[in-house]
1. Being surrounded by fewer than 22 Cβ atoms within 10 Å (Cβ to Cβ), closer than 29 Å to Leu226 by Cα and in contact with a helix residue (DSSP H, G or I) (Cβ under 7 Å, 6 or more places away or on another chain): is that true of Leu171 here?
2. Among the residues of segment 214-229, are any over 25 Å from Ala135 (Cα atoms) and touching an Asp or Glu at 6+ places or on another chain (Cβ under 6 Å)?
3. Going through segment 181-209 one residue at a time, which ones are open to solvent by 80 Å² or more (accessible area, probe 1.4 Å) and more than 16 Å from His170 (Cα to Cα)?
4. Testing Leu130 on (1) closer than 24 Å to Leu198 by Cβ; (2) at pLDDT 95 or above, one condition comes back false. Which one is that?
5. Helices (runs of 4 or more DSSP H) wholly in segment 89-199 with at least 3 residues that are in contact (Cβ under 8 Å) with a residue 60 or more places away in the chain - which ones?
6. Would you call Ala131 under 17 Å from the mean Cα position of the chain (by Cα) and closer than 20 Å to Val46 by Cα?
7. In the set Thr112, Thr70, which member is of a type in the set (S, T, N, Q), surrounded by fewer than 21 Cβ atoms within 10 Å (Cβ to Cβ) and either over 24 Å from Pro192 (Cβ atoms) or at pLDDT 95 or above (or both)?
8. (1) open to solvent by less than 60 Å² (accessible area, probe 1.4 Å); (2) touching a residue at least 40 places away in the same chain (Cβ under 8 Å); (3) among the acidic types (Asp, Glu): which one isn't true of Asp39, the others all being true?
Amino acid sequence: MSDQSDSAVHFPSSGGIKTSFTEEKREIFPEFDLVLGTDTQVGKTVVSAILLRELASEKRTPAYLKPVLTGGRGEDSGSDPSRCREMSGLSDSPFEWMFEFPDPIDPMTAATRSGVSIDPGVIRRKIRSLALQHALVVEGAGGVLSPFFPGGKGFLSLFAPGELSRCRVHLVSHPHLGCLSQILCALRAMEPFSVSCLHLVHRPVMDEWPLATSLNPETLRNLLPLIPLRLHKSPSS
């Protein structure tokens, strides 16, 4: 083993997020792309649009799903589905959402304040149905551990680890100061799941710490040599 691998950060395949499903209930999902973030406003929608364009360029039939939308309505021009449709340029493709809440807060609290219960089974069935018909991109909300369901369970509690063996899990963050700890913590929490790609999206704000921004991508490549890394510019930057 090379010196780089010896010094790299390794995450074992056990521990991490507890799921809601037992081994007996495990079912392999059809192929789809799952986009999760280290936080809110890190570029999940930007990456979702990029993936949709790439799927369309492969002559596949793309679709987008935002299972839970907070802070507005899906029809709003500034909502994630609307922004993703605009950035991808795929006006004829399905851009769907399932639950929408007016408060810009975590899905669990937003649902509670609206008197709504988010049914994990409904989301699972929707993802499976769309993935069987389309090249599907699913965008999460907030960060990897943002509470979605009662008791604070996150979005990944929808799945047992083996269920996503055909899927590509994308982790999105920013390349600026502070990203290293956020990314490593997120990957630690995602130990049972295989991250296919790490995406860093530059935020459309003035960078007060450009040295960290310039060095962080290479630091991450050294720490995580087995995870491909892609750099993106925000459309507003």
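1. Against the criterion (surrounded by fewer than 22 Cβ atoms within 10 Å (Cβ to Cβ), closer than 29 Å to Leu226 by Cα and in contact with a helix residue (DSSP H, G or I) (Cβ under 7 Å, 6 or more places away or on another chain)), Leu171 does not qualify.
2. Checked segment 214-229: no residue is over 25 Å from Ala135 (Cα atoms) and touching an Asp or Glu at 6+ places or on another chain (Cβ under 6 Å).
3. Residues satisfying the conditions are Val205, Met206, Glu208, Trp209.
4. It fails just one condition, (1).
5. Values: elements: 107-113, 120-133, 179-189.
Output list reads 120-133, 179-189.
6. Criteria not met by Ala131.
7. Thr112
8. (1)
The values are calculated or read from the model by the stated rules, or taken from the named source; none is laboratory data. What you see is a predicted model, and the numbers here were worked out from it, not measured in a lab. Here the Cβ is made from the backbone with ideal geometry for all residues, glycine too, and neighbour counts use every protein chain on show. Just so you know, the surface numbers come from the protein's heavy atoms only, side chains and all, with ligands and any DNA or RNA stripped out. Shrake-Rupley method; radii C 1.70, N 1.55, O 1.52, S 1.80 Å.
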